[in-house]
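Peer 1: Input: one structure, supplied below.
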Amino acid sequence: MRILVVEDTLDIGKVIVLRLEKMGHAVDWETDGRTASELLEVQAYDLVVLDVMLPGADGFAILKGLRGRGLKTPVLILTARSAVDDRISALDLGADDYLIKPFDYRELEARARALLRRSAGTPDNILRFGDLTIHRAGRTAAVGDVPLDLTRRELTVLEILAARQGRFVAKEELVEQLFSFDQDPSNNAVEQFVARLRRKLASTRIEIRTARGLGYQLAIV
């Protein structure tokens, strides 16, 4: 998934980005509220992790603008304000969840997974496609009882394809989900990930098909 983190406290922001990237997500990070608001007008995200106290524009203003445009992107609010009125304000403006600082980063990961599951319509952290099982929380995959030895991005590609349940996924969409703005992938980066996945799936009934102009499709043979 592609996630936007809006947090101006550098040490907190760095840890959040690192942990979300280890979960397999492409993460963009902004420290200025106005810049983040402008970015949300042109870039779609699967989740926004949003601090309240920000320079430029506060988190409540960003959230209000997001919902005012009719966007249903899940928003996880981070706030040092523990007053009930502030939490009520965040939820009334359209926040999906909130965490009060200081928080345990493991809880942030769990809440992020829950919001992403909810928006994708999946009830748990396990994704299945035929004999393929992907454990999203543990970041592991197996075909039957045989575990797959995958890199973080290989697992992410497989997860995206499995989540589409046999539909084609364009190369551009995979790039969008795999890389953040500050990364510069090579033109054939996706092809390399797919080629390595095909080798690792060669002895299974799961295969990745390619259709010119459409992209990639996970299939059972």
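Peer 1: Check whether at least one residue in the range 186-203 is polar (S, T, N, Q), free of Cβ contacts under 8 Å to residues at least 12 places away in the same chain, over 20 Å from residue 45 (Cα atoms) and surrounded by 13 or more Cβ atoms within 10 Å (Cβ to Cβ), and report yes or no.
Peer 2: The answer is yes; a qualifying residue exists.
Peer 1: Could you tell me which numbered condition residue 138 fails, if it satisfies all but one of (1) open to solvent by 30 Å² or more (accessible area, probe 1.4 Å); (2) touching a residue at least 24 places away in the same chain (Cβ under 8 Å); (3) over 13 Å from the mean Cα position of the chain (by Cα); (4) under 30 Å from residue 199 (Cα atoms)?
Peer 2: In the conditions (1) open to solvent by 30 Å² or more (accessible area, probe 1.4 Å); (2) touching a residue at least 24 places away in the same chain (Cβ under 8 Å); (3) over 13 Å from the mean Cα position of the chain (by Cα); (4) under 30 Å from residue 199 (Cα atoms), residue 138 misses (2) alone.
Peer 1: Is it fair to say residue 111 is open to solvent by 50 Å² or more (accessible area, probe 1.4 Å), charged (D, E, K, R) and assigned to a helix (DSSP H, G or I)?
Peer 2: Yes.
Peer 1: Given the options 59, 65, 33, 13, name the one that is among the small types (Gly, Ala, Ser) and touching a Pro at 6+ places or on another chain (Cβ under 8 Å).
Peer 2: 33
Peer 1: Residue check: is residue 168 over 18 Å from the mean Cα position of the chain (by Cα) and either of a type in the set (Phe, Trp, Tyr) or surrounded by 15 or more Cβ atoms within 10 Å (Cβ to Cβ) (or both)?
Peer 2: For residue 168, the condition - over 18 Å from the mean Cα position of the chain (by Cα) and either of a type in the set (Phe, Trp, Tyr) or surrounded by 15 or more Cβ atoms within 10 Å (Cβ to Cβ) (or both) - is met.
Peer 1: Sticking with this structure for a sec: I want to confirm something. Restricting to the range 10-22 and keeping residues that are among the β-branched types (Val, Ile, Thr) and crowded, with 16+ Cβ neighbours inside 10 Å, which single residue is farthest from the chain's Cα centre (by Cα)?
Peer 2: Step by step, filter the range 10-22, then rank; the result is 12.
The values are calculated or read from the model by the stated rules, or taken from the named source; none is laboratory data. Computed from a prediction, not measured in an experiment: that's the story for all the values here. FYI the Cβ positions are ideal-geometry reconstructions off the backbone, even for glycines, and counts take in every protein chain you see. SASA here: full protein model, heavy atoms, side chains in, ligands and nucleic acids out. Shrake-Rupley method; radii C 1.70, N 1.55, O 1.52, S 1.80 Å.
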